[in-house]
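Reading through the structure tokens given below for one structure.
No lab work stands behind these numbers, since they all come straight from the coordinates. This structure is a prediction, so every number in the text was calculated from the model and none was measured. Neighbour counts are summed over all protein chains in view; Cβ atoms, including those assigned to glycine, are modelled from backbone coordinates with ideal geometry.
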Amino acid sequence: MRAARALTLGLAVALLTLLTQVGGVLLLACWFAARRKPARALALFAMSYAALTVLVLPLVAPRFGRVALPCRAAGELPLRSASLGFCALNRHYVRPELRARLETLARELEARHPGSVVHTLDAGFPLGGPLLPHLGHHDGRLVDLALFYAGGGLRSAVGYFAFEGPQPSDPRPCRGREGAWRWDLEWLQPLFPDRAVDEKRTRAALRWLVDDPAIGRVFVEPHLARRLGVRGTRFQGCRAARHDDHVHVELAR
């Protein structure tokens, strides 16, 4: 019984560390503070984690060169997280200069196309460090953005995995040589609503990002860039995740 409980605790600590950076250590501290009583430890963890996420980390993160991205669109700023889950897991922190560029993008896009909201996905942890399963996202200079869809909203609740597959005539540079991280998830695709990409807004956002000298690289699948008529984006290669469900944005070095 003790071995099973220790194994469960160890797995929970590891998972929370990978997902939230700080949750694993906090759970371990709450476990011993609650004298190893599961119900009491979980209650203490829930309260402590909420306070840490909402009150403490936003104040500590600037010491590590990070600021939080908006979780909800507020006032006249049409910039928000695609899901509150990214904020709950503390995966919405970036360098101040990247947040400033995203705010400018959101305002200018809304001015050109009223009603537009820029949805952010995974960015980075408040204290730095790797953000799995991403190969990058460790230094606060990277953020993923959701595509725009007709009628507003997203196809996927978290902004990922609803792929815009290539047409028969589109280039397919990874056919037959996909890496371990390039998931197709074909079994999942029928579960997403049939909502078309808003090509006008997605094209406008991509062109703005490509033309901004503060932005270094913009990753998107070649077939999607070709379809939208956008030049200057890059291909991340066949050993990384697909980028026809989201756009990867990096600050210039």
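For the stretch 67-251, a simple Cβ point-charge model (Lys and Arg +1, Asp and Glu -1, everything else neutral) yields a dipole of about 260 debye relative to the Cα centre.
When the label point is put 7 Å from the Cα of Ala196 along its Cα-to-beta-carbon vector, which residues of the stretch 151-166 have a backbone N closer than 17 Å? From the stretch 151-166, the list is 151-155, 164-166.
Fewest-first ordering of Asp144, Asp211, Asp198, Asp184 by other beta carbons within 10 Å of each residue's beta carbon gives Asp211, Asp184, Asp198, Asp144.
Note the angle between two axes, namely the Cα long axis of helix 38-51 and the longest principal axis of the Cα atoms of the chain, as a number of degrees from 0 to 90, rounded to the nearest 10. Relative to the chain, helix 38-51 is tipped by roughly 50 degrees.
Ranked by the mean number of other Cβ atoms within 10 Å of their residues, highest first, the peptides 100-107, 231-238, 136-143 fall in the order 136-143, 100-107, 231-238.
Here is the P(r) of the stretch 67-251: all C-alpha pair distances, binned every 10 Å from 0, give 9, 39, 40, 12, 0 in whole percents. Exposure proxy for Trp31, Trp187, Trp181: other Cβ atoms within 10 Å of each Cβ, ordered fewest to most, give Trp187, Trp181, Trp31. Between Arg40 and Asp184, the modelled labels are 5.4 nm apart [label points 7 Å from Cα along Cα→Cβ].
Panel order for Val210, Val247, by other beta carbons found within 10 Å of each beta carbon, from fewest to most: Val210, Val247.
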